[in-house]
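Asker: I have a structure I would like to understand better, so I am pasting it below and will then ask my questions one at a time.
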C-alpha cells in the first residue's frame, strides 16, 4: 500500500485544450499541490505590520440587489453614500484598515461594467486615504446575463444532481460551475487581471470556496474524466487492483449520495473525497500563481465557511485545510458558533478554527463586530487570532458601530505591538490525521472535538496539528491522539521517536487500529506504546468494542497514557456532524486533562485557577522576552465580572519577572499585577476579568 500520494497530470482530449490554455498563461496549476503542513512561506509584508480591521460592501451592487429582491427602498441611496469621501473618512476614524469593495459577483464582466467602474473609483479613494483595498470575487454564475456575454459557458454548468438543479441556496439564478473547466479558468484569469490592473487590489477575497467542491459539482462530465485520470496516475495497475479489486478505471463513476455517513469504508468514496480536495487545491494554486505574477504583495484569501466546527469538510466540501491553506494568506470562516455559553452549559467558540489557521500560517477573518457581532466575539479574535480583530460590519459600519465595540478597536490599535510577531506557547499537540477525520464522522469526530473542549475549558495550552506536523514535534511536551484510528507506518514511527525521546502521549479508543485506507489491523499499530491488545474484530458493519482498561506506562524516556473512551455527555447520532450542540464537557474530562498533565511530567506552561467558562491563550514575543496571557469570559452575559483568577506561569531559562500588568478594553489604564516567583514559576492574581483582559509579563 503506497504511503505517499503521487503527483499527477490530466490526460488528453478536452483536458489537452486546458493544458494549452495553462501553457499560454505561463503557469502549471495541475502540478502536485503543496504538501500538508509545509513550512511557513513568505506572506505579503503588510499582513505582518498592519492591525487588520475589515469592512465590506461586496453584495451591494444594484444589479445583484435588484435580482435577488427583498431589499429596502433606500438600498441604492446607501450604495451611493458608500462611495463618498465622507464614508471612507468615517471608516478610517473608526480604525478600519482594509475595505473589501464590490468587484465581481458573477453576472459577467460586461453586465457589471458600470458597477466595476464605480468600484474602481471607490478603490482609488480607499487607497488615497491610506487604507488597503480588497476585492470580492464570486464563484457562481448569474446565467441570465452571463450567457449573453459567453453563450459557450452553458457547458461549464453542473448538471442536475439526483433530479435537482445545482445552484446557490435559494437564489436559482446563480448556477454552480465545474471550476476546473478550461473555459471557466480562462475567464477567471481575465477577472483577476482586472483586479490588479484596474483596482490595484491588496487582497483578493474568493467567496463560497466550500461550495465549489461539494459532491454535486463533481458529476460534471469533465470531472468524471479527471477522476479516472486521478486514479490512474495516483496508483499503478497493481495498486489499483489492490485498492478496488480491478485496475481498469474506464467505467468508474463518482458516487451519488444524499444521506449522512458514519464510517466511510468504500474505497471509491475515500478516493473521491481526496480527489475533490486535490482539485480545489490545484485551482487555488493556479489562482495564487497568477496573482503573484501580477503583484507579489497581494494577499490571497478564500471563504471555506466551516473552519473546524465539527463538520467533515473533506467529505462535505472538498476542503482539506493543510493543502488548501498552503496557497493562501488568509481564510474566512462563517461557521456560526457565536461565542458564548448556552442554557445547557455548553461553551461555544471558534477557538479550534483560530488554532488551525495559526498552525497553517494563515490569518483568520471572522465577522466579529457590527450588527452580527459583539464585544465577546471581538475578544475571541484578539485572544486567539493573529493581528486581525475581524470584520466589523458593512462598509457603513462607521456610522453606527456601538460604542463598546469602538472601544475594542481603539484598544487593538493602541496596544497592537502585543498582537504582532507573536508565537503561541503550547504544551500539547492534538493530531487531526487526514484519513481518520475524513473517513469517519462518528467516534473520531466526537472524541477529538470533546478532547479539545476539555483542554479549552481547563485552559491547557494546545495546538491543532496535521499529518506533516508529526515530522517536527520539538515544540510540544505531549501528543494527543483522540481516536486517531487511521495512521501510516511512517506516522507511527514518528510518534515512537517522539515518545522514546522524552515526549508524552495520550491515546484513546481505537488509535492506530486502522490503515489510511481504513482497513482494520489485527492489533493496535502502536501496541508497543499502548500496552494492550485491541478488542476482537466484530466485522465491517459492527461497531468496534471499547476496552475497559486505562494504562499509564513508560516508553523510552517518555510517558504514555491510554484511555479507552472519551465519554460524551450528549450523544451524537451516527453520521451527523459533531457540531456545537454536542460540545458539552465530556463526562470524564478531568481524567483526560489529568492524563495530559501526567504525560507532560508535571506542571504545564500555564495553569489557571478560573471558572470553566473562562478560556485562556498564552503567546510570546521572543524578541523582547515578553509573555502574554489572554483571558476571555465566555459567560459574560450571565457573569459580567469574574474575580479570584490566578495564573501559574512557567518562566523559562531561570529568568525573573521584571514587570507585569493587565490591559483591557474596558479599562483605559493598565493595572500593575503582583507576582510571586518560586521554582521557576510565577503566581499572578488577576484582580478582575469582565469580557477580555491581557496580562503582559516581561522578563529581565
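Asker: Between the alpha-carbon centers of segment 276-326 and segment 349-414, tell me the distance in whole angstrom.
Answerer: 22
Asker: Using the beta-carbon distance between residue 399 and residue 671 and R0 = 35 Å, what value does 1/(1 + (r/R0)^6) give for FRET efficiency, to the nearest 0.05?
Answerer: 0.55
Asker: Let me ask something else about it. Would you calculate a helix-derived [θ] at 222 nm for the chain, using -39,500 (n - 2.57) for each DSSP H run of n ≥ 4 and dividing by the full residue count, to the nearest 500?
Answerer: Working: 23 runs with 226 residues, N = 700.
That comes out to -9500 deg cm²/dmol.
Asker: Based on the Cβ-Cβ distance from residue 343 to residue 546, what FRET efficiency comes out when R0 is 30 Å, to the nearest 0.05? List each step's numbers first, then the result.
Answerer: On the way: r = 31 Å, r/R0 = 1.02.
In this case the efficiency is close to 0.45.
Asker: How far is it, in nm, from the label point at residue 569 to the one at residue 238 when both lie 7 Å from their Cα along the line to the Cβ?
Answerer: 5.4
Asker: Would you compute, for the Cα atoms of segment 223-262, the largest minus smallest coordinate along each principal axis and list the three values in descending order, in whole Å?
Answerer: 32, 22, 16
Asker: Using Cα-only point scatterers and the Debye equation, what is log10 of I(q)/I(0) for segment 428-599 at each q in 0.14, 0.16, 0.18 Å⁻¹, rounded to two decimals?
Answerer: -0.66, -0.89, -1.17
Asker: Mind giving me the FRET efficiency for residue 553 and residue 517? R0 is 25 Å, r the Cβ-Cβ distance, nearest 0.05 is fine. Present the calculation step by step, with values, prior to reporting the outcome.
Answerer: Working: r = 29 Å, r/R0 = 1.17.
That gives a FRET efficiency of 0.30.
Asker: I want to check the label-to-label distance for residue 266 and residue 475. Put each point 7 Å from Cα in the C-beta direction and report it in nm to one decimal.
Answerer: According to this spin-label approximation, the distance is 3.8 nm.
Asker: At 0.36 nm per residue, minus the direct Cα-Cα distance, what do residue 700 and residue 124 gain on full extension? Give it in nm, one decimal, please.
Answerer: The span from residue 700 to residue 124 would gain 202.6 nm if fully extended.
Asker: In addition: So how do 306, 449, 683 line up by other beta-carbon neighbours within 10 Å, fewest first? Present the calculation step by step, with values, prior to reporting the outcome.
Answerer: Values: 306 22, 449 25, 683 15.
Listed from fewest to most nearby Cβ atoms, that is 683, 306, 449.
Asker: Counting DSSP beta bridges with both partners in the chain, what percentage is antiparallel, nearest 5?
Answerer: The antiparallel fraction comes to roughly 55 percent.
Asker: Which order results if 164, 659 are arranged by neighbouring Cβ count within 10 Å, fewest first? Mind dumping the intermediate values first?
Answerer: Numbers: 164 9, 659 13.
Exposure proxy ranking, most exposed first: 164, 659.
Asker: Using alpha-carbon positions, what is the distance between the centroids of segment 494-546 and segment 627-700, in Å?
Answerer: 40
Asker: Averaging over every viewing direction, what projected area does the convex hull of the Cα atoms of segment 606-699 cover, in nm²?
Answerer: 5.8
Asker: Once you place label points 7 Å from the Cα toward the Cβ at residue 489 and residue 688, how far apart are they in nm?
Answerer: My value for the distance between the label points is 6.3 nm.
Asker: For segment 428-599, give the share of DSSP beta bridges that are antiparallel, in percent and rounded to the nearest 5; count only bridges with both residues there. Let's see the in-between values first.
Answerer: Numbers: 6 of 23 bridges.
Within segment 428-599, antiparallel bridges account for around 25 percent of the total.
Asker: Let me ask something else. Quick one: length gained pulling residue 110 to residue 200 fully straight, 0.36 nm per residue minus the C-alpha distance? Present the calculation step by step, with values, prior to reporting the outcome.
Answerer: Working: separation 90, 0.36 × 90 = 32.40 nm, distance 1.97 nm.
In short, 30.4 nm is gained.
Asker: What ranking of 85, 581 emerges when the number of other C-beta atoms within 10 Å of each C-beta is taken as an exposure proxy, fewest first?
Answerer: Working: 85 10, 581 15.
Fewest-to-most ranking of 85, 581: 85, 581.
None of the figures in this text is laboratory data; all of them are computed from the coordinates on show. Not measured: the values here are computed from a predicted model. When we count neighbours, we look across all protein chains shown, and the Cβ atoms used for this are built from the backbone with ideal geometry, even at glycine.
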